[in-house]
Amino acid sequence: LSNCRFLFNCGEGSRRICRENKIYTENLTGVFFTSCSWKHISGIPAFQAPFTNNEEKKNIFNLYGPAAVESFFHQYSDLDFDFDTSNRYFTLNCEEIIFKESLVVKPVPLFVKDSENLSPKNIPPKYILAYICTFPIRNGRLCPHKLVSAGVPPGPLVECLKNGTPVKLPNGKVITAPEVAIDSFEASTFIVLEIPTVQYLEALISNSDFDQYKKEAIRHNPDRKNLKVIVHFTPPEIMKDSRYCEWVNSFSPSVSHIVINNSSSCLGLYNSVQMQLRLNHILPTVFPLHRNPGVQFASSEADYPNEEEPLNPVLLTSEYQFDGPAVHSSCPTVYSYQNVNSSLKNELKKLAVQFDELKRERTSTKRNHFPKILFLGTGSGSATGFRNVSGIKIITWVLIAILDERKKALKEAGIKESPNLYILAPPEIIRLVKDAQHHFDLDLENTTFINNIGLAKDNYIKSSVYKAFKSLHLEDLSVAYVFHVKNSFGIALTHEDGWKIVYSGDTMPSTSLVTIGRNCDLLIHEATVEDGLEERAALKRHSTLSQAIKVGKDMNAKFTILTHFSQKYRNIPFFEMNIVKENVGIAFDCMMVSCPRF
């Protein structure tokens, strides 16, 4: 079993959490999904690709869940050239899945009352799956010392014990294999389930597959007392339902319960939060601290923890266990910033003074603070401990004012808020999002999809995006083909207030991007690898730092921020100080800056 890993549900960021907690997934064997929910499947693509550039071997594992999961990943494989579904299998029946001497998994389909008379071979498209998982008995190895102590003579009786068969000694005493073995373990069971809505409660309560593990069954057969843990992905409002509570209480009080839902607190990724804390001590306004109730910061040295308490695994037996943060420490991590020498402190103070002076020069009015650019991620390919995959959020003053007023008006009218959403994307992305919307019930009400291919054409009728222009207070919106994979685009946004922001996306240096980005206030350009790796950058169709900076010069950008760095760089990419001029910056995760206006 030490060579096997099993995962139940896989939300976005799961692999990053695994790496953070030293849970190695190279031996991931199977992933099981409880329902067709985006929050449960969105993390799978990250497990497919190598985590670092040095990893050549891809993870090969099986996926088990409802049919919609298979449909989505086949659609995704058409988009991601590195995603291979040829070695993945999906189960839709109730038969046990046996992983050679490791784990036996029994899927338990649960569906609403209207469909409960259907056979397992004709399960409706939308249903949920619970899993009853059993670690088999392990007999271990016979111990010569224990054999002698028990009075077992050499010969046929020893052979019987090797095969797991109890033997009867000449004196009438019965000896079982576990009594004279080492590394032997009893069978143990855990249950994983999710009841997303009340419609599934009756199916859960009436299902007989769970009966053998309840108190009533154990009372008549004490030897079957092997259920150790129940894992609940059930939302809080369902867990409070009296019917669900009654079902939970039908099991023995000795059974442990793990609750994983939206009421769980985020403890933060240690490396990411610690990096943000260090940067916050340099420039607090540019690097604000993470705002999450589960992430605690030390306010003084008295709050510093003496020792980090590790995450506690839940033991099923002395061998089988849940990895990592199944149950977090009762003393959560307190993030602290310590051990800064005096010379560095003085340099930080000087830098803070210089930054304040520069900020006063360029922000004479409140409106000049906007737009704000928040970097949600600055990495490439896969997330690492320090950098999430690339993502950028632009916040405008007009947008904040409109949303505040809109929220008040809708609240007074008793209307649920559903703001307009515009998705500009290549056709492959649009198809994928619509497929996910269909299978996973994504809330995309009032969503308008705009195909970048059409938008990039000179003769494109822009009246179809006129509403988007007005809604976003844009004077112009342009996209251009760039050199990366099929249908890759850069984008330029020009606001009514006069500012212009350009984003390259993933690309080699592209003249088409220079054309649409001419004289912009800010260029955000990918810089995946360091200088000297031009051949590697060209092979992957990415840019080096110097190439990205040159694009900014060619388009006469007033400021250039570099992002999308390779996983090989732990904190910041390697660069020569002479190439980073005063109008060039390097992005970090959770960095927030104002668009420079000159």
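Rule-based calculations on the coordinates, nothing more; no lab input. Bear in mind that the values here come from a model prediction, so they are computed numbers and not experimental data. Using ideal geometry, Cβ is built from the backbone for each residue, glycine included, and neighbour counts are taken over all protein chains shown.
Would you order ILE41, ILE230 from fewest to most other beta-carbon atoms within 10 Å of each residue's own beta-carbon? It would help to have the intermediate numbers written out before the result.
Values: ILE41 27, ILE230 20.
Least to most surrounded, the residues fall as ILE230, ILE41.
Give the calculated FRET efficiency between ASN3 and LEU289 to the nearest 0.05, with a Förster radius of 41 Å applied to their Cβ-Cβ distance. Walk me through the numbers on the way to the answer.
Numbers: r = 41 Å, r/R0 = 0.99.
So the FRET efficiency works out to roughly 0.50.
Distance check, please: which entries in LYS393/LYS540; LYS486/LYS553; LYS349/LYS393; LYS434/LYS500; LYS500/LYS540; LYS500/LYS553 exceed 20 angstrom between their Cα atoms?
Details: LYS393/LYS540 26 Å; LYS486/LYS553 26 Å; LYS349/LYS393 29 Å; LYS434/LYS500 30 Å; LYS500/LYS540 29 Å; LYS500/LYS553 15 Å.
From the list (LYS393/LYS540; LYS486/LYS553; LYS349/LYS393; LYS434/LYS500; LYS500/LYS540; LYS500/LYS553), the Cα-Cα distance tops 20 Å for LYS393/LYS540; LYS486/LYS553; LYS349/LYS393; LYS434/LYS500; LYS500/LYS540.
For an R0 of 45 angstrom, estimate the FRET efficiency from the Cβ-Cβ distance between TRP38 and LEU351 and round to the nearest 0.05. Show your work: numbers first, answer last.
Values: r = 42 Å, r/R0 = 0.94.
Taking R0 as 45 Å, the efficiency between TRP38 and LEU351 is 0.60.
Tell me, in nm to one decimal, what length is gained between ALA150 and SER471 on full extension, where the rule is 0.36 nm per residue of separation less the Cα-Cα distance?
On the way: separation 321, 0.36 × 321 = 115.56 nm, distance 8.30 nm.
Full extension from ALA150 to SER471 adds 107.3 nm.
Taking amide H positions as placed 1.01 Å from N in the peptide plane, with prolines and chain starts having none, which residues 5 or more places from MET591, or on another chain, fall under 5 Å of its amide H?
PHE375
Could you calculate the FRET efficiency of LEU142 with ASN171 from 1/(1 + (r/R0)^6), where r is the beta carbon distance between them and R0 is 25 Å, rounded to 0.05? Intermediate values should be presented prior to the final figure.
Values: r = 20 Å, r/R0 = 0.79.
After rounding, the FRET efficiency stands at 0.80.
Roughly how large, in nm² to one decimal, is the mean projection of the convex hull of the alpha-carbon atoms in region 139-180?
Values: hull surface 9.9 nm².
Taking a quarter of the hull surface, the average projection is 2.5 nm².
Contour minus end-to-end for ARG243 and ILE205, with contour as 0.36 nm per residue of separation and end-to-end as the Cα-Cα distance?
Numbers: separation 38, 0.36 × 38 = 13.68 nm, distance 0.80 nm.
Gain on extension, ARG243 to ILE205, equals 12.9 nm.
Taking 0.36 nm per residue of separation and subtracting the Cα-Cα distance, what length does fully extending ILE586 through LYS100 add?
Numbers: separation 486, 0.36 × 486 = 174.96 nm, distance 4.95 nm.
Full-extension gain reported as 170.0 nm.
For the residue pair LEU539 and LYS486, what label-to-label distance in nm results when each label sits 7 Å from Cα along the Cα-to-beta-carbon direction?
Calculated label separation equals 2.4 nm.
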